[in-house]
Structure formats: C-alpha cells, structure tokens
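K.L.:
Below you'll find the structure I mean.
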Amino acid sequence: MTQEEMDRILAEAASRPAPHSLNPAVIERAKAALPERLAPVRPLASPWVFALLFVAAFAAVSVLCACLLGLRGLRVLNGLQRAVIFPLLFAGAGVAAVASVHEMRPAGGRQIGRLALAVSTLALLSAFALLLADYDTQNFVSEGVPCLVAGLACAIPAAIVIWLLLRRGFVLDLPAAGLAAGTLAGLAGIAMLEMHCPILKASHVMFWHVAVVPVCGVGGWLIGAVSELLRRR
C-alpha cells in the first residue's frame, strides 16, 4: 500500500459522518485511554550493538563466576581442547545473541531460538565426544550434581542481565524470547564449568555440563509462557 492510498483512506474515513448510535460512555472511556501528552522515545541501538552486548554479558558472567569458584578446569585442558571448546561456546553464544536480538523488535527477523538451542547442544556433544576419551561412570551422580547446580547458579545472573537488555526493546513473543535468553544463559553456565571443573570424563561433561543448556533453554521458554499467560489476563 502506498502513502497516497493510505492518505486517501484516512481522508474518506474522516469525511464520513459519525453514527448517532454510539454510546457516550464508550466514547468517554476511549478518550480516557488516550494519553494527554506524547513524548518522543529514544530509538533502539543497532541490532549488532545489542548482539555484542549479549555476548559480552555471556563472557563477563561466565568468567566472573569461574574466577570466584576457581579456574581448576582451565588448567587441565590441553591446547587442542581449549582451541575447540571455547570458540565453539562463543559461536553458540553468538547465535543465541542474534536470536535474542530478533525478539527485541516487532518483525525483527526469523525466530531462531530453537535453532540456537539445538545447534549449541549438538555441537558441544559432538566436540566433547571427540576431545574426551574417558567414559568412566564411577561417581557419576555424586560428581555430576554439584556441576549441574553450579552451572545453573551461574546461568541465573546471566539470565538477569540478558533479560534487562531484552527489556530495552519491545518483546512480543515472551516464550520465544525466554528460549533465546535461556539458551544464552545456559551457555554462560557451561562456559563457567569448562573453566572451573577439572573432571575430564566424557560421560560427566557430556551429560552434566551440557545439560545446563537445554535445562536453561526450556526453563526460559516455560517462564516466558507463564509470563505471556499472565500478561493476557
């Protein structure tokens, strides 16, 4: 539709006589709902700025939490493992950051939160399967639960920072935004674990460490779905 067509439609609508059957109370309620003053709003920064901010939040929270808990895991990783794991985590964070940016603007782009969650999880599982050879399951639960709890604990502050950034925009689909934000927060949790946890058993890392990402992603989606229901009510 062109500008001229829109102008013509508005002009025709304005020239039509108002129907006399309108309820005056309805008119007054409509008037009361209109703001008395319209103030200009500050435009959003470019999408790439927010994408960088999301990735920066991922990196800052994961590094800070790892430093607080101790960098024992970073010391036991060899050069090849470091060269593969951390760039892969940053790549996953980049995809999740873009997915989050898409949810900040109406018609901001295709929803790729589910893609970010699936690709990150599968890529990490594949990398750990190739890089780690020890599949011993001794103390599987006793060693794994503390790592899962630590990863989720790190994801919480990351999720708070990410959500504060998301609120700078206008989120229409809360479940989709929650999925993208949860995935990014979960990646912060697993990045912290790779720097902190000295256990290099493939069974331990592939289950307990990687589980942080889907748990956070699904948890973010559920929180978004509940928030959407409350908003509609």
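K.L.:
Any residue at all in segment 125-143 that is more than 17 Å from Ala66 (Cα to Cα) and in contact with an Asp or Glu (Cβ under 6 Å, 6 or more places away or on another chain)?
P.N.:
Within segment 125-143 (the criterion being more than 17 Å from Ala66 (Cα to Cα) and in contact with an Asp or Glu (Cβ under 6 Å, 6 or more places away or on another chain)), the answer is no, since none of the residues qualifies.
K.L.:
For the condition part of a helix (DSSP H, G or I), under 12 Å from the mean Cα position of the chain (by Cα), aromatic (Phe, Trp, Tyr) and more than 16 Å from Ala57 (Cα to Cα), what is the one hit in Trp208, Trp221?
P.N.:
Selected residue: Trp221, the only one of Trp208, Trp221 that is part of a helix (DSSP H, G or I), under 12 Å from the mean Cα position of the chain (by Cα), aromatic (Phe, Trp, Tyr) and more than 16 Å from Ala57 (Cα to Cα).
K.L.:
If I ask for residues that are part of a helix (DSSP H, G or I) and more than 21 Å from the chain's Cα centre (by Cα), which ones from segment 182-205 would you list? First the steps, then the outcome.
P.N.:
Step one: of segment 182-205, the residues part of a helix (DSSP H, G or I) are 182-196, 202-205.
If the condition is that a residue be part of a helix (DSSP H, G or I) and more than 21 Å from the chain's Cα centre (by Cα), then Met195, His196, Ala202, Ser203, His204, Val205 are the ones that fit.
Residue by residue, here is whether (1) in a helix (DSSP H, G or I); (2) surrounded by 14 or more Cβ atoms within 10 Å (Cβ to Cβ) holds:
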| residue | (1), (2) |
| --- | --- |
| Leu80 | yes, no |
| Pro87 | yes, no |
| Ala99 | yes, yes |
| Gly109 | no, no |
| Leu117 | yes, yes |
| Ser126 | yes, no |
| Glu143 | yes, yes |
| Leu164 | yes, no |
| Arg168 | no, no |
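K.L.:
Let me ask you something else. For segment 198-206, state whether one or more residues are within 17 Å of Asn139 (Cβ to Cβ) and of a type in the set (S, T, N, Q).
P.N.:
Yes - at least one qualifying residue is present in segment 198-206.
K.L.:
Here is a follow-up. Sort out which residues of segment 128-141 are out of contact with any Ser or Thr (no Cβ under 7 Å at 6 or more places or on another chain), outside any loop (DSSP other than H, G, I, E, B) and surrounded by fewer than 20 Cβ atoms within 10 Å (Cβ to Cβ), and write them in order of number.
P.N.:
The answer is Ala129, Leu130, Leu131, Asp134, Val141.
Bear in mind these aren't lab numbers, they're just calculated from the coordinates by the rules spelled out. Here the structure is a predicted model, which is why all the values come from computation and not from measurement. All Cβ positions, glycine included, derive from the backbone under ideal geometry; neighbour counts span all protein chains shown.
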